[in-house]
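Where a number appears in this text, it was derived from the coordinates with a stated rule and is not lab data. Predicted model, so just to flag it, every value in this text is computed and none were measured. Cβ coordinates were reconstructed from backbone atoms using ideal geometry, including for glycine residues, and neighbour counts include every protein chain displayed.
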Amino acid sequence: MYTFNRERKRINPKEFLSYSISIFLFIVGILFYIWPYFNILNINYKFEKLLKERAKLIQNNNLLKIELASLKSLERVEDVAKSQLGLVFPDEKQVILVKIE
């Protein structure tokens, strides 16, 4: 087996500490610089999701308004009264007019 005999360098603890602190501060600085962009991106995703949800709710609201209008129609009310409740129009003898003075 072929081996190299190299002289090992001794690392000065003060230099190692200063390099470590420098690298740490550099990484922290990059994170502080990039963080707002990630935050804005996240907010934009949430905003798009809320816009889609709002559009769905508006569409659902419009459908419910149409359904409400059809349920309130006088023709439907009369049909339900006749078919389900068995109601009929009163005869002329059953109608009493009241005068308000």
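Remarks
- Loop trypsin sites (Lys or Arg not before Pro), segment 25-101 (other Cβ atoms within 10 Å of the site Cβ: 10 or fewer; DSSP): LYS99
- Under Karplus coefficients 6.51, -1.76 and 1.60, residue-wise ³J(HN,Hα) of segment 86-91 in Hz, glycine/proline x: x, 7, 9, 5, x, 6
- Those lysines that a straight Cα-Cα span of less than 16 Å connects to LYS56, excepting residues fewer than 8 apart in one chain: LYS46, LYS65
- Cα centre as origin, Lys/Arg/Asp/Glu Cβ charges: the chain dipole, Debye: 1120
- Lys/Arg +1, Asp/Glu -1 at C-beta; the chain dipole; positive extreme among ILE96, ASN12, LEU25: ASN12
- Cα long-axis angle, helix 13-72 against the chain (0 to 90 degrees, to the nearest 10): 10
- For the chain, the longest principal axis of the Cα atoms and the long axis of helix 74-83 meet at an angle of about 70 degrees.
- For segment 13-94, Kirkwood radius (reciprocal of mean inverse C-alpha pair distance, Å): 19.7
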